[in-house]
Structure formats: C-alpha cells, structure tokens
Amino acid sequence: MTDLPTLLQRARKLVHHQSAEAMALATQARQLAQAEHDARGESLALTLFAHGLFMFGRSHEAQDTLLEALVLGEQQDIGTSRGEALQLAARVAYTLGDYDRATDCWCACIELDDSGIGTAERIQAHIGLGQLRYAHQHFELALAHHQRAAELAEACDNVYLTCTSFINIAADLVQLGRSAEAVDILKKTLPLVRADQNYQFEAEIFGMFGQIRMQAGEYEAARMSLMVALKINRLHINTWGEASVLLRLGRCSLETDELEMAAEQFERARLLAESMGSLPLLAELEQSFAELYLRSGDAASAAQHQAQYEQLRQKLLQQTQCSRFATLELKLLE
C-alpha cells in the first residue's frame, strides 16, 4: 500500500496538468490520513482535492472543500498546511471576483509565522497581492509585488514559482507599454515551463504572445498563438484558461471585422465564465459585447452591455480599499 507522504507528493505533482488523477490520489490520501488520525495530512489532501476542483473551474466546490480544511485546522494543529489552504482560498476568491476575501486570505498568509506557512505560500501571497493591484490597474505596484516574488522564488530555487512570477511580470510590463521586455521574459520562461511539463503555464505564455501580437496589429500571428493556447487548455481541461483565450480570440476577430466569429467566441467564453462564476471575466466580456454590438450598428444592445460592464466593474473595484491592505503593502515594498 502506498504511504501517505507518497500519495500527497504524487497528487501535488499532477494537480496542475492531470487534475483528475491528482484528485483521485488526494481522495486516497485523505482516507489514509483519517485512518492514521493525521490532521495535517488530511488537511493537505483536502487542499489538493480543492486545487483539482479549481483547475476544472468548479470554484464554489473548491471553496467549500478549503473551508473544511481550515475548520480542521481550528480543531487540531495542521502546521504549514494552514498557509497552503489559505493561499488557495485566496486564489479561488480572486477568480470569483471576491477581492475582499482574496485580500483577507493573502494578508493572513503574510502575517502567519513560519510555523503556519511555508516559503512557497508566502511567495504566492506576494503574487496574489500583485494580481489584485493589476486588477485595479495599479500596474507599477503590481510589478513591484511580482518582482519581489521573483527574487524570493529564485533565492529558494523553486522553478514553478519563478515561472509564475515571470509570467506575472510580463503581464505587468505589457500593460505598462513595455512589450519588448515582456517578450524577452516570456522567451526566457518558456524553456523552464516545458522542462517542468507545466502545460497551464505554457498555455498562458502562448496566450500572452497572442495578446502582444494583437496589440501590435499582427492579427494572424496573434490568432496562431492563441489557437496553440486554446488547444493546450482544452487538452488539459483548464476551464479558466480556455475562457480567457476565447475572449482574446474574440477580440482578435473583432479587430479584423469578423463579427459573427467574434460573437461566437465571446458567447462560448461567457458560458465558461458563468459556469465558474468568474466576475472579472464576465466584466471583460460585457465590455467586449458592447463593442461588438456598437460595430454591428445595434446601439441599444451596446448601451445595455456597457451598463452591465460598468456595474460589474464597480462591484469589483469598490473592494480592497481597506487600511489593512494599504498598511501591509507599505511593509511589503519597503
């Protein structure tokens, strides 16, 4: 019979690109941990299972599972697995557009002492806080957070976290109009990602290449990069990635006046975004639908979608204005 540490290690290794198998291993691990009265092992198994749910776009189920892991931690000592569950809870909340909860969880990660969180989860909290700043269009602050995460990740020789830091840095640079620097970072990151067999990151990199080429007006080249990203996401059942790429493909079709194709791509992306309950993606899609209808000559529908976009955007941006976030950021960026 496979022992608990081996089951957990195998599940962790597979969760990013073979999520179904990882969830099956996590289920076995939880059963074994319960039999051994190992609270830490059980909480880790629950967190890995939740991560698999998250990869399949089942974010609300992932939240429920993470809550179960954290409740277990209130009853017994689960050590650094508390930080792991909190970090993933923040990621799930961020994807759902619940920025207040994401902020609370990532701030809690930063504030835990070393007995409650590992170095990797601290780095991921830096990345997450940077993503919150990115969502609020504070791109210089986002870049500062992500550069700090990259420094810490390289210092602890963690390929996964180095790659995710670099990808986020590239995204920040694109928004700051520094696309050439972003391309250089992505080209440096791609071999690391492939060596690590991280298909999610490979898809993100091709998606960003597509975005950069689209901004440069190279629409056919952009479409080719985006189709590679779409294929990878579908092959490995990354629902959020698929929706995000479909949105970009729709934007590309819009720029080339292929309005019917754009409508189809936006609609497919909307169905996926609704299935995940992702408010940030839904907001972007409402804005894209508004532009689509405007170009189609349907001003009334365009105005309706623009109003829905502004409502969703306001709901997102009115969050995370608390003093705790500002105070923590000052400490982080000293």
Name the most mobile residue of Gln87, Gln314, Gln75, meaning the one with the largest mean-square fluctuation, in a Gaussian network model of the chain with Cα contacts below 10 Å. Gln75
Using the Cα centre of the chain as origin and beta-carbon charges of +1 (Lys, Arg) and -1 (Asp, Glu), tell me which of Leu192, Ala243, Leu32 is placed farthest towards the positive end of the dipole. Leu192
Using a 1.4 Å probe, how large is the accessible area of Leu247, given in Å² and rounded to the nearest 10? 10
In nm, to one decimal, how far is the Glu74 label point from the Leu317 one, both placed 7 Å along Cα→Cβ? 3.6
Could I have the simple spin-label model distance between Asp196 and Val159, label points 7 Å from Cα toward Cβ, reported in nm to one decimal? 0.8
Dipole moment magnitude, nearest 20 debye, region 75-229 about Cα centre, only Lys, Arg, Asp, Glu C-beta charged: 460
Can you tell me the orientation of helix 279-295 relative to the chain, as the angle in degrees between its alpha-carbon axis and the longest Cα principal axis, to the nearest 10? 10
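The values are calculated or read from the model by the stated rules, or taken from the named source; none is laboratory data. None of the values given here were measured: they were computed from a predicted structure. Here Cβ is always computed from backbone atoms with ideal geometry, including for glycine, and neighbour counts include all displayed protein chains. Quick note on the areas: whole protein, heavy atoms, side chains included, nothing else; ligands and nucleic acids left out. Shrake-Rupley method; radii C 1.70, N 1.55, O 1.52, S 1.80 Å.
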